[in-house]
Structure formats: C-alpha cells, structure tokens
Amino acid sequence: MRLERPNAAQLSGIGMTSQRTRDRMVTRLEEAGIQDERVLDLMAAEPRHLFLDEALAHRAYEDTALPLGQGQTLSQPYMHARMTELALASAPRPREQCRVLEVGTGSGYQTLLLARLFGQVASLERIALLHLRARQRLEWFGLDNVQLRHADGGHGWQTTARETAAQESVTLPGFDLVVVTACASHLPQALLQQLAPEGVMIVPLAEGGSDRQWLTRVRHVGDTQDIQRLEAVRFVPLLEGVIR
C-alpha cells in the first residue's frame, strides 16, 4: 500500500510533533554531548515523525527507540545524531564530495540525514516492506543524491550488469564512509573491501562471548585497519539474506 504524501501541516508538525517539541529534543541532544551544529540544526528541521506509523508519530521526539515492524526499530534520536556526527568528523575529504554507503535503511530517517549532509548516499535494506516504505518517504523530500536497493547489506553494494554497461557503478573508486545501522558479530570484510583509501566504517560490533555491543570506528589505512571502540550501544543484529 502506498503511503499518502504529507501536507504542509503534517510536515511542520503539531502538538507532540511541533517545532517546539523538536527544539526540546535538540536541547536534550546538546546535554547528552552532541556538539556539531550542523547535526543539531538538521535534526531540529527534519520531520522525524513522518518516518513512523501514524499511531507512534507523537512519540517520535522522545529519547527512546521505537518499533518499525518486522522486528526492526527506529533508533533513539541520540544515536541518529551520534552516528551522523561521527560520519561528519570522520569524512576523509570534503563532505560534499563524499560517497556514503548505509547498511540498513530501516525507516529512511538516517538516510535522509546523511543525504542532507553528503554528496552521494547509497543505502541497502534486506526487508522488502521497509525498503518500499523508506523509498516512498524519501521521495517526499525530492532528493536527487540517494540510491536505494533491496539487498543483503552484508555483501555491500553489488554492481549490476546495467551499471557495468553504463559505467555507473556507485562503488568506484569506493565509499568514503560506510555507516552500519545494525550490530555485526565481526568486522564485515565485504564492506571493508568497498572502502576507498582512508575511508571509514562506523559500525556497532558485538563483544566476543558476551551480549555487549560497542560503537566502533574503523579507518582503512593501506592494507590494515585502525580500529577504535567508542561507546556501548544497543542495536538489532546484522542478519544475512533478504526478506521479500
């Protein structure tokens, strides 16, 4: 079923989705340590509530993760802000020139934030229904720098025969940033191989032998990786395969 395009009032919000509510969210983000003004301004401006089912829209600006269905969640605002801030701080070249791969489109909200800030964004989602809904939502914003695909994100962005013939592969010369929005049990080698020189992956990683997860930054340096564990997090697991 196609999602109905929001009108101007729905975009701007009212009551628990109003600008005043968004501004309170931004104040909490600042108190939690988010410092990049570009991230704070963006999260104040974009209608996060439109990336949830209508029954949950009034909770969009709470400091909590919310269900998307299909066993997936919309991360809490802090985590979206933190991942976006890290991406900006880690970019190996001017952000307008950066190619970003997002693994786990989910609702499409993180995709929107990345697309507002970086030159080109490719995003993968393994669950067909979420992919379809995210595509419809992102169409509302008239973005021309986003490519979405229903695929197993663990394999990265696979070049199609059409792209090869047209020389349109998004993966060449590689992604400057890879942002993974689900927890991997180990460093995804296929994604590391798609990083450009000096490229950076931001990924939640499970700690071996426990249920702890750590937000991790991996910089591709020659044939090695510089790995930094940043902070404890909680994400759904990065799973293989696709759901149609």
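The values are calculated or read from the model by the stated rules, or taken from the named source; none is laboratory data. Every value quoted in this text rests on a predicted model; they were computed, and no experiment measured them. So basically every Cβ, Gly included, is an ideal-geometry build from the backbone, and we count neighbours across all protein chains shown. Quick note on the areas: whole protein, heavy atoms, side chains included, nothing else; ligands and nucleic acids left out. Shrake-Rupley method; radii C 1.70, N 1.55, O 1.52, S 1.80 Å.
A quick yes/no check of all residues on (1) part of a helix (DSSP H, G or I); (2) not small (Gly, Ala, Ser):
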{"residue": "9", "(1), (2)": "yes, no"}
{"residue": "38", "(1), (2)": "yes, yes"}
{"residue": "42", "(1), (2)": "yes, yes"}
{"residue": "61", "(1), (2)": "no, yes"}
{"residue": "78", "(1), (2)": "yes, yes"}
{"residue": "83", "(1), (2)": "yes, yes"}
{"residue": "89", "(1), (2)": "yes, no"}
{"residue": "112", "(1), (2)": "yes, yes"}
Yes or no: the range 21-31 includes at least one residue that is open to solvent by 20 Å² or more (accessible area, probe 1.4 Å) and either modelled with pLDDT under 95 or not in a helix (DSSP H, G or I) (or both). no
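Per-residue answers, yes or no, for (1) among the acidic types (Asp, Glu); (2) more than 21 Å from residue 43 (Cα to Cα); (3) free of Cβ contacts under 8 Å to residues at least 40 places away in the same chain; (4) open to solvent by 10 Å² or more (accessible area, probe 1.4 Å):
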residue	(1), (2), (3), (4)
68	no, no, no, yes
78	no, no, no, yes
100	no, no, no, no
121	no, no, yes, no
129	no, yes, no, yes
132	no, yes, yes, yes
Among the residues in the range 27-37, are any touching a residue at least 24 places away in the same chain (Cβ under 8 Å) and closer than 21 Å to residue 105 by Cα? no
Enumerate the pairs (first residue in the range 224-244 and under 19 Å from residue 81 (Cβ atoms) and among the acidic types (Asp, Glu); second residue anywhere and open to solvent by less than 90 Å² (accessible area, probe 1.4 Å) and assigned to a loop (DSSP other than H, G, I, E, B)) with beta-carbon separation below 6 Å, excluding pairs fewer than 6 apart on the same chain, so at least 6 apart or on different chains. none
Unique match (being of a type outside the set (S, T, N, Q) and closer than 16 Å to residue 134 by Cβ) among 77, 67: 67
Residue 62 - would you say it is charged (D, E, K, R) and loosely packed, with under 14 Cβ neighbours inside 10 Å? no
Which of the residues belonging to the range 172-225 are acidic (Asp, Glu) and open to solvent by 70 Å² or more (accessible area, probe 1.4 Å)? 198, 211, 223
